[in-house]
1. Among the residues of the stretch 87-101, is there at least one that is loosely packed, with under 10 Cβ neighbours inside 10 Å and of a type in the set (Lys, Arg)?
2. Any residue in the stretch 1-26 that is at negative phi and modelled with pLDDT of 55 or more sitting within a Cβ distance under 9 Å of a residue that is in a loop (DSSP other than H, G, I, E, B) and of a type in the set (A, V, I, L, M)? List the pairs, counting only those 6 or more apart or interchain.
3. Could you please let me know if Asn49 is loosely packed, with under 10 Cβ neighbours inside 10 Å and part of a helix (DSSP H, G or I)?
Amino acid sequence: MLPWKPLVRGESGRRFSVVASEIRRLADSVTDSTQEIEGHTDDIQTAINRLVVASEKGASSIEQGVEASISTAQDLEALLKAASQTSSAAQQISLSTQQQKNGQ
């Protein structure tokens, strides 16, 4: 006698049908998961694109701020130079006025 029982032809077909059905279910599950992953990938790519655009805008704003700061510093230097010249001229006028007072 055989240690295992031979399968009846109809029983083999049913078991194959069960296995095929399980494979189909797994394939559908993989397809669903793949679509879900694709959706997440698209969301991530969109977020990355937004981040790149925001970074570029931020870098541009920083660059404009640096340029404005440099321009402001140059204007302040010119203002200090003009103020120094005005102060020097005022001192010379004051000295001349004192000399004229003392000379008269």
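1. Within the stretch 87-101 (the criterion being loosely packed, with under 10 Cβ neighbours inside 10 Å and of a type in the set (Lys, Arg)), the answer is yes, since at least one residue qualifies.
2. Filtered contacts from the stretch 1-26: Arg15/Leu7.
3. Numbers: loosely packed, with under 10 Cβ neighbours inside 10 Å: no; part of a helix (DSSP H, G or I): yes.
Against the criterion (loosely packed, with under 10 Cβ neighbours inside 10 Å and part of a helix (DSSP H, G or I)), Asn49 does not qualify.
The values are calculated or read from the model by the stated rules, or taken from the named source; none is laboratory data. Since the model is a prediction, treat every value here as computed from it, not as a measurement. We place every Cβ from the backbone using ideal geometry, glycine too, and count neighbours over all the protein chains shown.
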